[in-house]
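Undergrad: Right, I'll just put the structure down here and ask away after.
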Amino acid sequence: MKQRIPRRRRSGTAGGRKGRSGTEAKSSRPEPRVLTTMRLRQSLRRDLEATAARNRRSVADVAQELLEEALRMRQCPGIYFADEPSGRTAKIGGTGLGVWEVVRDFSKDQDADRIRAAFPQLSQAQITAARMYYARHRDEVQAKIAANDALTPETIEKQYPGLVRFTR
């Protein structure tokens with residue numbers, strides 16, 4: 001017989017905070033978390049604690065982010081994750097290209113031949129990895145595309161006065 005664990009309400013936003021990776025649940029309400037106990041090697045726990053301290057995050061948040069990324073990399077071979085100013089980003093193995101950069105102009109039709117023409121340096125396997133990741137995580141990739149589209153010289157000038165100089 002399964003033992004039922006009572007749900008505890010969390011105060012504040014710690015339980016539903018969106019991680020830096022943007023890999024939180026797709027709906028506007030955060031996905032409920034479940035209590036999970038794991039036995040880790042001491043060295044792994046120390047590494048998690050060091051990473052959490054360096055990023056000013058909890059060990060649980062760091063572990064969750066790493067587990068999510070590892071599962072995504074298994075589901076979509078040829079994809080890895082890297083830190084960017086906007087947070088963790090899915091990238092195509094062997095390149096510095098983010099998935100969002102490759103599918104940005106092709107997200108409507110997903111025509112592999114058009115992607116190949118635009119990015120001749122990518123192999124068929126790399127294009128397939130990008131398309132597979134986009135198919136599984138469409139909302140996340142579309143959010144990256146939208147965030148990039150929002151960066152116009154006018155918005156940057158408004159946010160960082162003097163950084164952009166118009167030369168019309």
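Readers should treat all values here as calculations from the given coordinates under stated rules, not as data from a laboratory. Fair warning: this is a prediction, and the values are worked out from it, not measured in the lab. Because the Cβ atoms are built from the backbone with ideal geometry, glycine has one as well, and the counts that use them run over all protein chains shown.
Undergrad: Spin-label point model (7 Å from Cα, Cβ direction): what's the ASP149 to ALA60 distance in nm?
TA: Output for this residue pair reads 3.6 nm.
Undergrad: Also, I was wondering about something else. If amide H atoms are built 1.01 Å from N in the plane of the peptide, which residues on other chains or at least 5 residues away come under 5 Å of the amide H of ILE79?
TA: Those qualifying (amide H under 5 Å, at least 5 residues apart or on another chain) are GLY93.
Undergrad: Sticking with this one: In whole Hz, what ³J(HN,Hα) sequence does the stretch 151-165 give by Karplus (6.51, -1.76, 1.60; θ = phi - 60°), x for Gly and Pro?
TA: 7, 9, x, 5, 5, 5, 4, 5, 6, 10, x, x, 6, 10, 10
Undergrad: Quote the FRET efficiency, to the nearest 0.05, computed for LEU67 versus SER123 with a Förster distance R0 of 30 Å and r equal to the Cβ-Cβ distance.
TA: 0.60
Undergrad: When a footprinting reagent is the concern and you count Cβ atoms within 10 Å, what order do ASP47, ASP61 take, fewest first?
TA: The fewest-first ordering by Cβ neighbours comes to ASP47, ASP61.
Undergrad: Based on the alpha-carbon gyration tensor of the stretch 78-162 and its eigenvalue square roots a ≥ b ≥ c, which shape applies: rounded if a/c is under 1.5, prolate if not and a/b is larger than b/c, or oblate?
TA: prolate
Undergrad: For TYR80 and ALA50 in one chain, what is 0.36 nm times their gap in residues minus the Cα-Cα distance, to one decimal in nm?
TA: In short, 8.6 nm is gained.
Undergrad: Compute the Rg/Rh shape ratio of the stretch 52-120: radius of gyration over Kirkwood radius, all on alpha-carbon atoms.
TA: Across the stretch 52-120, the Cα-based Rg/Rh ratio is 1.07.
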